[in-house]
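Below: one structure, written as structure tokens.
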Amino acid sequence: MGPTRIPVESAELLAFDGVSFAVDSDREILHGVSLSVAPAAVTVLAGPSGAGKSTLLRLGNRLEVPSAGNVRFRGQDSAVIDPRELRRRVGMVFQKPVPFAGSVRTNLKVGAPQASEEELGRSLQRVGLEGSLLDRVADDLSGGEAQRMCIARTLLTQPEVILMDEPTSALDHENRLGIEHLAKELAQEGIGILWVSHDLAQVRRVADHALVLIDGRNASDEETAAYLEQGMSGEEQ
Amino acid sequence: MNATQIGWAGLVGSFALVVVAIALSFTQRLQLSRSILWASARAAVQLLLVGFALRLVLDSNASVWWAWLWVVIMIGFASFTIGSRAKEVPGIFLLGTISMLTVVVVSLSVIFGFQVFPVEGRTIVPLAGMMIGNSMTASVLVGRRIVGELSEKRDEVEARLALGQSWQDASRPYVRSALRTALVPQIESTKAVGLVFLPGAMTGLVLAGVDAVDAVTVQLAIMYLILGSVATSVTVIGLGLTRRVFTSDHRLRSIERATH
């Protein structure tokens, strides 16, 4: 069966249903994980390093495919959706900013080649950058600016969900708070955000919903409470 | 004395220079004496075997099919060499074989189709040899380079895929860079020819007493042929390899996993 178009209306935005992922036949990283991403909210996926959070995120826009279970976008199995179309609707922001060679304009046009100068300028303003940065060499941006530019680049594909893989881990505290604030704003505009973090103070700041992943599986209610409690007691920042 | 027939005595005389190289290695303690001796002896044995075999293949009474068989064997050896020199490149043996076959078919079709040279054993074998030899080196270079680029820039390629680009678009800047790297040395050597060194075919013709301008026209035709062959082989490897490291649903495979 070939790729099909995504239905416009569906109650469900992005859902992982009993998803497993194996690197090879004897090494499974995720074991039947289920979660859903709510629209207009920041869903945080927390858990210790190595729990499989980033891998799960990569299954969300089909950079990887599950070995069992399925990922649904607007109620449709993502396996039957054209991956290029899926990735425009389910955008991704990586742990470290990934500027491409060339100017900021060149970067922004990768996902939106037809975008006008005005649209490009607006996308920068939406993430808190000056429109005048368009001619700047992307590699010359500071870490915070580069990550904001990467978010603007993703926004130009008009995503309904943005997967954020520890997007502030390479940034200083001020920029970290700035990106968190931006994610909350985007959620208020209606975008569903799935944010991966192992920084529990950050989980408290940004999460509308929080889920915990431990050893590649959904944590039980007790485990979730105990894990998040660590953050309350300030053991992990 | 004939410039094209130095005889066994001449060969032994030229070996004096190898002795000089060994002496230099010995006095400078480079510990290369055995390597130099081994390389010289191996080259002598290989080339003499080839020479005797070619004498049979290129005999005016021999069928031209022997020359074509020779070309097939050369393609096999070249593919094997590409495979052994670029082990980290997934599927390189098959890609190398396809690349060498394409080079031979395209280039010889042009050269014989336009009747630049007559279709004879003495033209088929050396022309195919030069094309395959040069293309082989460029193929190894481009294969390794593409794998290196896509591994090093994996985060960029995946960021492009995540923006909805196809694998063709997402890989283009990196594959293009690898193709340029593989082609530039050939272009540079084409530009420098005659100014720095006189190329082999021309030197051979001049030694054989051919008019220098006639020798130059033959050399130019061969150089254009080599340039075209290198470009063809590099493109075939580039396109084939890039296709291989991506899945049909636009995911970049783990390069290690792509080898299975």
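Among the residues of segment A:27-62, write down those that are of a type outside the set (Val, Ile, Thr) and within 14 Å of chain B (Cβ to nearest Cβ). Before the answer, list the steps.
In the first step, residues of segment A:27-62 are kept if they are of a type outside the set (Val, Ile, Thr); the result is A:27-28, A:30-32, A:34-36, A:38-41, A:45-54, A:56-62.
Of everything in segment A:27-62, those that are of a type outside the set (Val, Ile, Thr) and within 14 Å of chain B (Cβ to nearest Cβ) turn out to be A:27, A:54, A:57, A:58, A:59, A:60, A:61, A:62.
From B:170, B:178, which residue is away from chain A (no Cβ under 14 Å) and in contact with a Lys or Arg (Cβ under 6 Å, 6 or more places away or on another chain)?
B:178
Among all residue pairs at least 6 apart or on different chains, which show Cβ distances below 9 Å where the first residue, located in segment A:101-118, is more than 10 Å from chain B (Cβ to nearest Cβ) and the second is assigned to a strand (DSSP E or B)?
A:103/A:137; A:104/A:137
Residues to consider are B:116, B:142; find the one that is away from every other protein chain (no Cβ under 14 Å), out of contact with any Asp or Glu (no Cβ under 7 Å at 6 or more places or on another chain) and either of a type in the set (Lys, Arg) or part of a helix (DSSP H, G or I) (or both).
Numbers: B:116 fails: either of a type in the set (Lys, Arg) or part of a helix (DSSP H, G or I) (or both).
Just a single option satisfies the conditions, and that option is B:142.
In this structure, is residue B:137 of a type outside the set (D, E, K, R), within 15 Å of the chain's Cα centre (by Cα) and open to solvent by 70 Å² or more (accessible area, probe 1.4 Å)?
Spelling it out, residue B:137 is indeed of a type outside the set (D, E, K, R), within 15 Å of the chain's Cα centre (by Cα) and open to solvent by 70 Å² or more (accessible area, probe 1.4 Å).
Kindly provide the set of residues from segment B:152-167 that are touching a residue at least 12 places away in the same chain (Cβ under 8 Å) and open to solvent by 40 Å² or more (accessible area, probe 1.4 Å), ordered by number.
Across segment B:152-167, the qualifying residues are B:153, B:154.
When segment A:74-92 is examined, which residues are found to be open to solvent by 40 Å² or more (accessible area, probe 1.4 Å), touching a residue at least 60 places away in the same chain (Cβ under 8 Å) and either basic (Lys, Arg) or within 8 Å of another protein chain (Cβ to nearest Cβ) (or both)?
Listed by number, the residues that qualify are A:74, A:85, A:88, A:89.
From the list A:65, A:71, which one is of a type in the set (Val, Ile, Thr) and either at positive phi or more than 12 Å from chain B (Cβ to nearest Cβ) (or both)?
Selected residue: A:71, the only one of A:65, A:71 that is of a type in the set (Val, Ile, Thr) and either at positive phi or more than 12 Å from chain B (Cβ to nearest Cβ) (or both).
Can we say residue B:177 is under 30 Å from residue A:86 (Cβ atoms), modelled with pLDDT of 90 or more, open to solvent by 30 Å² or more (accessible area, probe 1.4 Å) and not in a loop (DSSP other than H, G, I, E, B)?
Yes.
Given the residues A:35, A:45, A:129, which is the only one that is aliphatic (A, V, I, L, M) and either in contact with a Pro (Cβ under 8 Å, 6 or more places away or on another chain) or closer than 22 Å to residue B:158 by Cα (or both)?
Within the list A:35, A:45, A:129, the selection yields A:45.
Among (1) more than 28 Å from residue B:139 (Cα to Cα); (2) part of a helix (DSSP H, G or I), where does residue B:76 come up short?
So residue B:76 meets the others, but not (1).
Residue B:234 versus (1) more than 19 Å from residue B:130 (Cα to Cα); (2) assigned to a helix (DSSP H, G or I); (3) at pLDDT 90 or above: which is the lone unmet condition?
Every condition holds for residue B:234 apart from (1).
Go through (1) part of a helix (DSSP H, G or I); (2) open to solvent by 30 Å² or more (accessible area, probe 1.4 Å) one by one and return the number of the condition residue A:95 breaks.
Condition (1) is where residue A:95 drops out.
Pull up segment A:119-144, narrow it to residues that are among the acidic types (Asp, Glu) and in contact with a helix residue (DSSP H, G or I) (Cβ under 8 Å, 6 or more places away or on another chain), then point me to the one that is nearest to the other protein chains (Cβ to nearest Cβ). If you could, list the steps in order and put the result at the bottom.
In the first step, residues of segment A:119-144 are kept if they are among the acidic types (Asp, Glu); the result is A:119, A:130, A:135, A:139-140.
Subset that is in contact with a helix residue (DSSP H, G or I) (Cβ under 8 Å, 6 or more places away or on another chain): A:130, A:135.
On the way: A:130: 22, A:135: 20 Å.
Step by step, filter segment A:119-144, then rank; the result is A:135.
What residue, of B:69, B:37, B:30, is of a type outside the set (Val, Ile, Thr) and either at pLDDT below 90 or over 26 Å from the mean Cα position of the chain (by Cα) (or both)?
Of B:69, B:37, B:30, the one residue that is of a type outside the set (Val, Ile, Thr) and either at pLDDT below 90 or over 26 Å from the mean Cα position of the chain (by Cα) (or both) is B:30.
Would you tally the residues in segment B:79-91 being open to solvent by 10 Å² or more (accessible area, probe 1.4 Å) and part of a helix (DSSP H, G or I)?
So the answer is 5.
Please enumerate the residues belonging to segment B:145-167 that are within 14 Å of chain A (Cβ to nearest Cβ) and of a type in the set (A, V, I, L, M). Outline the logic, then answer.
Taking segment B:145-167 first, the residues within 14 Å of chain A (Cβ to nearest Cβ) are B:149, B:152-167.
Answer for segment B:145-167, where residues must be within 14 Å of chain A (Cβ to nearest Cβ) and of a type in the set (A, V, I, L, M): B:157, B:159, B:161, B:162, B:163.
The values are calculated or read from the model by the stated rules, or taken from the named source; none is laboratory data. Quick caveat: nothing in here was measured; it's all calculated off a predicted structure. A quick note on method: Cβ atoms are made from the backbone with ideal geometry, for glycine too, and the neighbour counts reach across all protein chains shown. Just the protein is used for accessible areas: all its heavy atoms, side chains included, with ligands, DNA and RNA removed. Shrake-Rupley method; radii C 1.70, N 1.55, O 1.52, S 1.80 Å.
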